[in-house]
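All of the numbers you see were taken from the coordinates with simple rules; none came from a lab. Here the structure is a predicted model, which is why all the values come from computation and not from measurement. Quick reminder, even Gly has a Cβ in these numbers, built from the backbone with ideal geometry, and neighbours come from all protein chains shown.
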Amino acid sequence: MSGVGRYVAGLVLAAGCGQSTLGATCRSNDDCAANERCEVATAHAEERLLLPCPLVDCFYSASACPSTYVCASSAQAVNVQINCGSKVCVPPCVPDNPATCPTNMLCREDGSCSYVQCDEPGGITCPEHWRCDPAAALKEPAGLAYTTSPFQGTTVVDPLDAPSAISHGCVRKRCTESDGYTCDATNVCDASQAANGSGCIPGHAGTAGGAGTAATGSGGATTSGDGAGEGRCVAR
């Protein structure tokens, strides 16, 4: 089957997944089920119309891939990354051949390439105010790359490429941890309630040395956006 044929076949297969519980709109992992995560597509709709990805997109379901392919990060498609979503169907990598994965990625047992984790040989050292926890990184809010503004509700600016640090297994230290993110004057530290990666929620600081009081407002709800933009719930 030609490359175009595989692409069309993949679209047909993806369309058949309409009854799946996956694919719901989300802004953070908390909007998805326990066995799902929120993933944001990397290419804009306008770009895809002008230069459509030549690979089958499996963002919504891995079943869109032919049996001899795996659903993996678009970074694994070394020569075809432009205007593709974050997950595409690609040939499996070969564990005994490092060249089948991009630099800084390892070939896993399922045939997909993933970044070397911070607790693996050759892994990165996590940035200041961050710690290595690959399991927790699966649910860590991405934040915004290359921003000079403090992370939501804090006085700390994320590292220049926070999403990359997360992909390598690093997570932010919450405000309750030593050398963790510090809440700003309009927020209070309550890691048990926060879902934004810092542990800070809207409130006021109160007196020196005190924990402060959380703002309740109408309904007592707090907003916990993570700056990652709108995405879809996908299986872990």
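Some points to look at:
- Ascending count of other beta-carbon atoms within 10 Å, so fewest first, for K173, K139, K87: K139, K173, K87
- Amide N proximity, the range 177-198 versus V157 label position 7 Å along Cα-to-Cβ, cut-off under 13 Å: none
- Estimated from the Cβ-Cβ distance and a Förster radius of 45 angstrom, the FRET efficiency linking R108 and S178 is about 0.85.
- Each of E36, E109 has some number of other Cβ atoms within 10 Å of its Cβ, and from fewest to most they run E109, E36.
- Global size of the range 53-121 as Cα Rg and Dmax, reported in angstrom: 11.7, 35
- Between the beta carbons of V94 and A33, assuming R0 = 35 Å, the FRET efficiency works out to 0.60 to the nearest 0.05.
- Cα gyration tensor shape of the range 116-216, rounded if a/c is under 1.5, else prolate or oblate by comparing a/b with b/c: prolate
- The spacing between the range 88-143 and the range 156-193, judged by their C-alpha centroids, is 21 Å.
- Sparse-neighbourhood loop sites, chymotrypsin sites (Phe, Trp or Tyr not before Pro) in the range 124-162 - DSSP loop, at most 14 other Cβ within 10 angstrom: Y146
- Seen from E128, the other residues with C-beta closer than 15 Å to its C-beta sum to a net charge of 0, counting Lys and Arg as +1 and Asp and Glu as -1.
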